[in-house]
1. So what are the ³J(HN,Hα) numbers for the range B:21-34, from phi and the Karplus equation (6.51, -1.76, 1.60; θ = phi - 60°), rounded to whole Hz, Gly and Pro as x?
2. Distance between Cα centroids, the range B:18-52 to the range A:47-69: provide it in whole Å.
3. To the nearest 20 Debye, how big is the dipole of the protein assembly as shown about its Cα centre, given +1 on the beta carbon of each Lys and Arg and -1 on that of each Asp and Glu?
4. So, with +1 on the Cβ of K and R and -1 on the Cβ of D and E, and no other charges, what is the size of the charge dipole of the range B:76-127 about its Cα centre, to the nearest 20 debye?
5. Could you compute the FRET efficiency for B:Lys131 and B:Glu39, with r as their C-beta to C-beta distance and R0 at 30 Å, rounded to 0.05?
6. Could you work out how far helix B:116-143 tilts from the main Cα principal axis of chain B, as a 0 to 90 degree angle to the nearest 10?
7. In whole Hz, with x marking every Gly and Pro, tabulate ³J(HN,Hα) for the range A:78-85 from phi via Karplus 6.51 cos²θ - 1.76 cosθ + 1.60, θ = phi - 60°.
8. What's the lysine pair count for the protein assembly as shown at a Cα cut-off below 27 Å, pairs eight or more apart or interchain?
Amino acid sequence: MTEAFAHPSRVFAALADPTRAQIIDWLDEGGSGTATEFAARLPISRQAVSRHLKELEEAGLIAGSKQGREMRYELRPRPLRESAEWLEQRAMRWERTLQRLADHLEAEPEPN
Amino acid sequence: MAVNDRIERSIVVEATPEKVWAALTTEDGIKGWFGDIVEIDLKPGGEAVFGWSDFESSSQAVIEVVEPHTRFAYRWAAQDTSVEEGPASLVEFLIDVDETGTRITVVETGFASFPEDTRDYHFEENTKGWKSEMDDLAAYLESAA
């Protein structure tokens, strides 16, 4: 299982698909799930379920371990947290820039 | 109440019957849209295996009809059984061409012969299954155009 840092763009691309976002939500609520369990709840083929799970796994968002006959997948929160921090840092930088602009405009005497 | 026995679904694709035939009957073709586990001895009486490794699921089949570019059928064992032990259904693919394109029809019959406790489960699984699998078949055929 890879614990390597997944770039946020990788994480956002993995989450940009409604089916994959749905799987993340189910894992968030239910703890774990297998390909068979996801397929039973989704209107897509088994091959499509496999492809989505592979993308989520490659983005580091889920990890599977063999339990009984099938792989059981769990959520890996780290890439989600790192992506949220990435967004947060950029949002804060913009807030500070806007604040400096506001301060600057307030300090300037009115033209004319 | 009538017993669920038959599933039928048709799609129309922009692909030649030859290409459709390859998608339905060759190992590479089948892996492109169906399961990733495929073994096939394409002749009447030949054995086949279709399965999905991520689902730890594969089923044995015995080919019944091989009419190139027109009709392909096999008896398909329910998961983890063999055609000999049963239960098994008959899966038939029909290919025909009309002015709208190439029509592919899948007909699966024989659920009435399944044990009562698992019949509805298999029928519902495969009804849903053929819907999404045929969508994938259409996408596979049209993307590889």
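1. Per-residue couplings from phi come out as 4, 5, 5, 8, 10, 10, 4, 4, x, 5, 5, x, 9, 10 Hz.
2. 25 Å
3. So the magnitude is around 460 debye.
4. In debye, rounded to 20, the range B:76-127 gives about 100.
5. Details: r = 25 Å, r/R0 = 0.84.
After rounding to 0.05, the efficiency reads 0.75.
6. 10 degrees
7. Coupling constants for the range A:78-85: 4, x, 5, 5, 5, 5, 5, 5 Hz.
8. Qualifying lysine pairs in the protein assembly as shown: 14.
Rule-based calculations on the coordinates, nothing more; no lab input. Just so you know, these numbers come straight off a predicted model, no measurement behind them. As a convention, Cβ positions derive from the backbone with ideal geometry for all residues, glycine included, and neighbour counts pool all protein chains shown.
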